[in-house]
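Readers should treat all values here as calculations from the given coordinates under stated rules, not as data from a laboratory. As the structure is a prediction and not an experimental result, all values here were calculated from the model. Quick reminder, even Gly has a Cβ in these numbers, built from the backbone with ideal geometry, and neighbours come from all protein chains shown.
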């Protein structure tokens, strides 16, 4: 049987102690890294959830009348296509989209082209996803006439209309088209408003 002297026992103890310190030290950063990775993963998941929850009107509302194309590009964060000159279609990965028309406010004056019109792409998504409490009745729709203010229309229909387009006209006046969904497939009331902020008088009504 091999005997270990007191001197050797001291050396062995020292080696074991150093090994324990090294093992503990190496394990701690790894644990901290795992924790950090987990937090990063949770953040990514939340961002993904937020993005997936973005609905059709959220994307549309990021565009403001009067913005330059560079400002719209930055706000929407997607590369547009241009089916016709001056008009650009922006569609995100969730299928939400908006068509924006850029023009000079006064043609030929050399001023920067800005967004003078925007129209929602994908109204069918809103129509098909509308719940019963978001729909109006045919009887309510029949009561709407030209010349009514937005507040009057809203009072009869009981809810705000869904904005599908905004256009700036001469003098900076805004016209706004709003939809109210009725029961049935693709059945709705479309009302266009003119005046301050496009919410004054109803000027055109389409009931189908």
* For residue 186, put the label point 7 Å out on the Cα→Cβ axis and report which residues of the stretch 126-167 keep their amide N under 16 Å from it. => 126-129
* Structure fact -> On the formula 1/(1 + (r/R0)^6), with r taken between the Cβ atoms of residue 94 and residue 160 and R0 of 30 Å, the FRET efficiency rounded to 0.05 is 0.85
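With a ≥ b ≥ c the root eigenvalues of the C-alpha gyration tensor of the stretch 50-121, is it rounded (a/c under 1.5), prolate (a/b larger than b/c) or oblate? If you can, show how the numbers build up before the last one.
Values: a/c = 2.48, a/b = 2.07, b/c = 1.20.
Prolate shape, in that a/c is at least 1.5 and a/b is the bigger ratio.
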* Run the quick spin-label model on residue 71 and residue 58: label points 7 Å from Cα toward the beta carbon, then report their separation in nm to one decimal. => 2.3
* Asked: In Å, what is the Rg of the alpha-carbon atoms in the stretch 90-136, and how long is Dmax?
  -> 16.2, 50
* Asked: Relative contact order of the stretch 111-208: what whole-number percent is it, with Cα pairs under 8 angstrom and at least 6 residues apart?
  -> 28
* Stokes-Einstein D for the stretch 122-208 at 10 °C, 1.306 mPa s, Kirkwood Rh over Cα pairs, in µm²/s? -> 122
